[in-house]
């Protein structure tokens, strides 16, 4: 059954702050195999004009996807998460994520469509630091696969 189009534009409350730690950044950079020293060495980061180590560009997915859980688990929307696959991801940065940032995410449903029996939900996550500065916008496409015919 197709998802309700009236949910397009619905915005969910901001998440509690997530504190970005140097160790989390290092672990993420190692996990994705990116040896850039600005992710692990504060002096290297400072040499490039940053106040501390910065996170790889896809690091923010870990907090924006968690924030999208408000959409995924909204009982009124009725998305069947057991059938969901990650369809696409896009980020537009205002500035890099830095160690010490305390970030919140506000998720908004930007689009809902049905295609070949699949429900497709586009979620925009606006990421701000504790001073209210906009850091990055992330778009996540979720695809709830159609139920198999019996």
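What follows is calculated from the coordinates using simple rules that are stated; it is not laboratory data. Keep in mind that what you see is a predicted model, and the values were worked out from it rather than measured. Cβ atoms come from the backbone with ideal geometry, glycine included; neighbour counts cover every protein chain shown.
Please work out the Cα center distance from the stretch 1-44 to the stretch 53-100, rounded to the nearest Å. Centre-to-centre (Cα) distance: 7 Å.
Calculated FRET efficiency, residue 32 to residue 143, Cβ-Cβ distance, R0 = 25 Å: about 0.60 to the nearest 0.05. Once the Cβ-Cβ distance between residue 2 and residue 134 is put in as r, and R0 is 30 Å, what FRET efficiency do you end up with, to the nearest 0.05? Once rounded, the FRET efficiency stands at 0.35.
From the coordinates of this entry, Rg and Dmax of the Cα atoms in Å is computed, and it appears in (1) 21.2, 69; (2) 17.3, 61; (3) 31.9, 98 under the label (2). Exposure proxy for 8, 60: other Cβ atoms within 10 Å of each Cβ, ordered fewest to most, give 8, 60. Applying 1/(1 + (r/R0)^6) with R0 = 22 Å to the Cβ-Cβ distance of residue 110 and residue 74 gives a FRET efficiency near 0.90. In the stretch 37-96, inverting the average of 1/r over every pair of distinct C-alpha atoms gives 14.1 Å as the Kirkwood radius.
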